Every structure is written in C-alpha cells, then in structure tokens.
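Following: one structure in structure tokens, then a few remarks.
What follows draws every value from the coordinates through simple rules; no lab data is involved. Note that this is a predicted model, so its numbers are computed, not measured. Note that each Cβ is placed from the backbone with ideal geometry, even for glycine, and that neighbours are counted across all protein chains shown.
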Amino acid sequence: MNAAVTFAGVSKVYRGFGGLAGGDRTIKEALSAWLGTERADAAEQANEFRALDDVSFEIAEGEAFGLIGHNGAGKSTLLKILAKITAPSSGEVRVRGRVGSLLEVGTGFHPELTGRENVYLAGAIQGMSLVQVRARFEEIVAFSEIERFLDMPVKRYSSGMYTRLAFSVAAHMDPDVLLVDEALAVGDVQFQRKCLARMRHLVAGSRTVVLVSHNPYSIASLCQRAAWLDHGRLKSVGEAGNVLAGYLDSIKSHRMNHSWTGDEGDDALRLRSTYVRFAEDDGPRTDRPICIGFRAELRQPIRNLVAAVELASDQGTLLAYSAHDDALSPPAEEHSPGEFSWELTIPPNTLAAGVYMLNFDFGVHNERRIIDRAGGLMFELANPAGIGRRFPAEKWHGVLRPAWAWRRTGR
Amino acid sequence: MNQPQDNVEVIGSRPPSPLAALAEFWRARHLAMLFIQREVKLRYKQTLLGVVWAFLQPLMTALVFALVFGLWVRVPTDGIPYFAFAFFGVAIWMFFAGSVQHGTHSLLANQSLVMKVYFPRAALPAASVGLGIADLLVTMVFLVPVLAWYGVGVHARMGWMAVAFAMLVVLSLGVALAASALSVYYRDFPNLVPLSLQLLMFASPVVYPSSIVPAEFAPWLRLNPLVGIIDLARWSVFGTGAFPEFALTVALPISLAVLVAGWLVFCRLERMFADSI
C-alpha cells in the first residue's frame, strides 16, 4: 500500500500582533521589532496560537479519509496546508500526485465575466491546464445545467445557478488527491444528490479523497478511515467507525447541557439565553412534552424577524427545523426593541430515546442571517414506559416514536 | 514505497528553491494570460470609449507637458519636436508606473483567491506587467502615425527598440514582484509606491532629455535604469546624439539584478501570504 499523503510532525503556529494573522504590520512596527526596541517576546508568546501541534498520520492511495473535530480543532488548517495555501511552521507533508480542493465554491469566479469565461479562469486557477479545461468543458456545463446562460455575466445568475456552475468546475478537476469540505454539497436537493453521487464516484474510482465534515454520519457512510482532531492535536486515527465512536462519546460527556447563557449577535439583536425544559419530576423522557425556548434582546426595530430552532440527532443529522412564525398568519410583523422570549413545545411521543442537539438561528426573512447556530443545547431522552418501548434504540428503528393510532380492520 | 518518487511533493516549512518556483510559474503561464484577459475585459466592459482609454491618458499627459515644458519653459530636446519627444517618454513611463502601481495591489486585490486556493501567485503581478504591455501596444498604434507625421522614418537602428522594451519589461516585473509581496506584509507599501513613482519620474528623462543633466549629476542619475532604457528607446527612434552605451553597461545589469532580487523576495514571502493578507 502506497501512502498518498504523509503528515510527519506537522505543526502550525500563528503569531500575531494582536490578531491571529502574522501580517498587517507597518514598517514602523517591523523596524522597532527588528531593532529590539520593542520587548515583544513575552507578548508574542502570549499571542501564539497553535492551530496544529505535532500531527502525524498517513492516508493511503485510493482511500476515502475523513477528518472530524469541533470548530477550531485544526481541520481547516490541516486542509490548507495540504492544499499548499499555507505552509507548516515545522514538520512536513509528502503528497503523491496533484492535489485539488473543493474547499470553497466559486473560488476564482468574477461577477462581471460570463459563465464561459469563468469556467476557463476558475479551472486554470484551480490548477487545470487549458487543454484539460477544454476537454471537460462540455461535461462541466452539462453537469451544471446552465447551458442557456453560458454567455451571460455570472452577476446576473441566481445564487443557485452560480453555485451549480462553480461546483461543477471544481468537481471536474480530476486531481489525484481531492480535498472536500462537506459544507459544499450545495444547491437544491436534487443537485445535492448529484454532488454526493459525484463524490461517491470519485471515492469508488481509485481516487484519494479527504473529507471534512461536521456530520459524523456522512463520514461514516463515505470513509474507510478517519482522524479526529482536538485543539490542534491528533486525538485518534484509524478505522472510521472506531474514531467516530470516540468522538461521539466525547461530545456526549462534555456537552450534555439543558441551558445556555451568553451574549451573541450583532447591533440589532443579542441572544442571551436558551433552554430545554422537561416535566419536572420525571426528567427527560419520550412520553412527556419537551419545551424549548430562548430569551433575546432587540436593540433596533426589525421587520420580518425570524427565530428558528434546529433539531439534530447526535450524529449531526438534521431532523427538524422550526421557525417561530411557521404557524402565524400573516407571518410578517414588526418587532420593537426590548427583551423578548419564545418557547416551543414538542408534543409527547414524538422523538425516540436518544441524544439530540439543538441550535438557534435568527435572521431577517429573505435578507440576512443575524445568528447562525448559536445557543447550542444537548439532551438525552429515556423511554422507560412510553410508546415504542419494544424498540427503544433510536439507531435501529428510526428517530421518531409517534403515538400513531392503530385499529383493527380485519380479522 | 517501491514506486518512483518523482511525483511526490514535499510541503515543508522552508520555501522551495527559487528555481523550482520559476519552473512551476512557467508551467502555469497560461494562468497569467487568463488574468491579463480578465483585467482587459473588466476594464473596458461598460465603457463608451473602450480601448481608446489606453492611449488617451499618455496622450493628454503629453499634451499638457508639451504646453508647459515645450512651449512655456522651452526645454531643449536635441531638435526633436517636443510633443513627439514627450509622448514617447510618457508612454514608456506610464508602462513602468502603471505596471508597478497595478502590481503593488495585485495580491491584495485578489485576497480571496490567495486565501482559498493555491496557484503560483507570481501570476498576479506578472499579469499586471502583461496588462501594461497590452496598453503600450495600443498606445504604439496611435504613436506611430504621430511619429510619421513628424517625419520619423523607418531605420535599422530601431531594432534597439526591442532591446529597450525587453529591459523595461524586466525592470517592471522585478519591481512589481517585490512591491506586491511586500505590500502583503507592510501596509505602508501601497502608500509608499505612488510617492516613490512621482519622485522617480523626475529622476527619469521623461519631460527633459538626459543631455541637459549637469555632468556631475549624470553618473548618479544613470544608476536609475529607466534613464538608460528611455535614452536607448529615444535614440533608436530619433537617432539624435551618440549611442547611449551606458544603457547596456549600467541599466541592463541593474534591470536584471532588480528582476532577480524581486523574484527572490517574492519566493521568500510567498508561502506566508495566506497567513498575512
């Protein structure tokens, strides 16, 4: 077995004058640092940030490899080093063959240029030769389904058309090692399916694929092996199932929490607290209502404010998304400044026993996202006596345990 | 590991050698061409005059100079009509200043690219110089009839024009490479460059001929490679005075040294662009 990618003692340290970035110095600062007039050593040590700390592992040729970890665990730094966007501070990476990355949709696209011009430019920026782009042009266009608009500037495209074309270029790079950030499965459901199929196709061919995902489930289904990064260190590496099991355990033990207080948002809206509440004496169980709520402060009047709750399984699979005005008619309303709070109730006998995650979104309808997945909560439901107790384990028989009515209609 | 190691790339903490980087840049040269195309298309999209803008700027500048220095101050020009003299100098100057100015901002203006994807970054400042070449060619189309009208005929010595032009490209590329890389690290640079260019213009024979520079200054002034380049170009077209030998003995080696230095600076800084931009 040949190694397609070898990480050998790779570390990445960011030193900052204030921020994490090393740049943005003025000549004056550089001169005084150079002359030693600025005693920056201690301060710089304090400002040091180890994004990756002595990471070593191998990825075999033709393997689908998953990378998992919390936000800020070093996953994207690792990919950036592999993609040669940034250099390691120490250690080295050996890569066999050409690396292509699907890290950001639309890299190299320019709004004023036409779709056709952008395909050529973006293809070249992502490392394809002119001949390669020409050879795949038809395929790229067909995949994106925007043939009719090829000679229109992409600034006139809908965002769906734009991402489809951009993804299409990236998906046809045909590198030896492909880096994928799963946040990329973009567009409508049908197109998402196409993207996933394309990824599977690459994995099935003897292509090496490195997949980063926040969703352990998709890593489990696509990858043979995985690595788990935690605060820049390699926590474990090996068979995907084992690595994921460890990762999921750590989430459960660390983050089971029924309330959150903090201060997130922008000038217009601050999210202060969130909670999940259960029937008082029984604790969290499937046959009791579950109340989920938040408290926030509005600092400016906002029209069409939408608050939403996202319910996901412990595997990260999105199960439900509920906005506070889903059932209101008309939905548009003006919110005036001040504190406000909302609560929703999940009726008894809806969810199966298991671990669930909640996140809160706030935004102005069709305009902007103010808060994206904040106030995260986690809870575990038990099923001591309720519906579905015959099959309590969520992973065998679905995530829902509804009390649907059965009646005999024959002998 | 019994396979040949030729396609294995090592990504380490030390930058690759400048020669390896040069080979990589050469393989991706069509990318620089596409960047040039992009800039040309963007620049003339939704403009009325389109490509005319490329020569309107040197033309108007030369007209103003002709009025101020030619008619009012009466700068001697070795017998060359002042307008033709200045238009020519201004076209060369604007190539240099434009390439350097555009090159200085080339990496900063493409931040999102530099942070998100790897490609030989030198393609960006190189495209700035390429854009200057495109502009200069357009200007030449208009400059040739002007020269013909002043009675300048075709002559064998005009072959030196190609030499002067090559030196100009070499020099501009060297300065653009260094300025683009340094601008990523020190945000003073984008401010420093226009000021330096303004001073440098008066240290170059754009509006005056080298022949009026006092003898005690001349050797110092010639350290500015633009003096040799402009003098050689002017001599090749107008043929006045003696062949400017110092263009080959002083300006040529300095221009080459600037390109080498620019490339070394660029290679040294390139790998940390994404962290610093």
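Brief remarks follow.
- Separation between Cα centres of region B:210-257 and region B:32-57, rounded to whole Å: 32 Å
- Spin-label model distance (nm) - residue B:24 vs residue A:303, 7 Å beyond Cα toward Cβ: 5.2 nm
- Leading residue at positive end of dipole, region B:51-276 (Cβ point charges), from B:267, B:104, B:174: B:267
- For the protein assembly as shown, the Kirkwood estimate of the hydrodynamic radius, built from every pair of different alpha carbons, is 29.8 Å.
- Normalised by the number of residues in region B:51-276, the mean separation of alpha-carbon contacts (under 8 Å, six or more apart) gives a relative contact order of 28 percent.
- Note on region A:42-128: Kirkwood hydrodynamic radius from all Cα pairs is 15.9 Å, rounded to one decimal.
- Charge dipole (debye, nearest 20) of the protein assembly as shown; +1 at Cβ of Lys and Arg, -1 at Cβ of Asp and Glu: 1120 debye
- For region A:204-294, applying the loop criterion from DSSP together with a ceiling of 16 other beta carbons within 10 Å to the GluC sites (Glu not before Pro) yields A:280.
- Label point distance in nm, residue A:319-residue B:53, each placed 7 Å from Cα along Cα→Cβ: 5.8 nm
- Sequence-separation-based contact order of region A:195-251, relative, with Cα cut under 8 Å and 6+ spacing, percent: 23 percent
- Spatially near lysine pairs across the protein assembly as shown, Cα under 26 Å, sequence gap of 8 or more or different chains: 24
- Comparing A:261, A:276, A:231 along the charge dipole axis of region A:224-376, the residue lying farthest to the positive side is A:231, per the Cβ-charge model.
- Summing Cβ point charges (Lys, Arg +1; Asp, Glu -1) relative to the Cα centre of region B:51-276 gives a dipole of roughly 260 debye.
- Size of charge dipole - region A:265-318 - debye, nearest 20, with Cβ of Lys, Arg +1 and Asp, Glu -1, no other charges: 280 debye
- Contact order relative to length of region B:198-246, as percent, for alpha carbon pairs under 8 angstrom and 6 or more apart: 34 percent
- Coil-residue chymotrypsin sites (Phe, Trp or Tyr not before Pro) of region B:195-249, DSSP, other Cβ within 10 Å capped at 15: B:217
- Each of residue A:368 and residue A:8 was given a label point 7 Å from its Cα along the Cα-to-Cβ line. The distance between the two points is 4.9 nm.
- Considered as an equivalent ellipsoid built on the Cα gyration tensor, region B:51-276 has semi-axes of 32, 18, 16 Å, the largest given first.
- Each of B:139, B:251, B:203 was scored by the projection of its Cα onto the charge dipole of region B:51-276, and the greatest displacement toward the positive side belongs to B:139; charges sit on the C-beta of Lys, Arg, Asp and Glu.
- Per-residue ellipticity at 222 nm computed for the protein assembly as shown from its helices equals -13000 deg cm²/dmol, with DSSP H segments shorter than 4 residues left out and the rest contributing -39,500 (n - 2.57).
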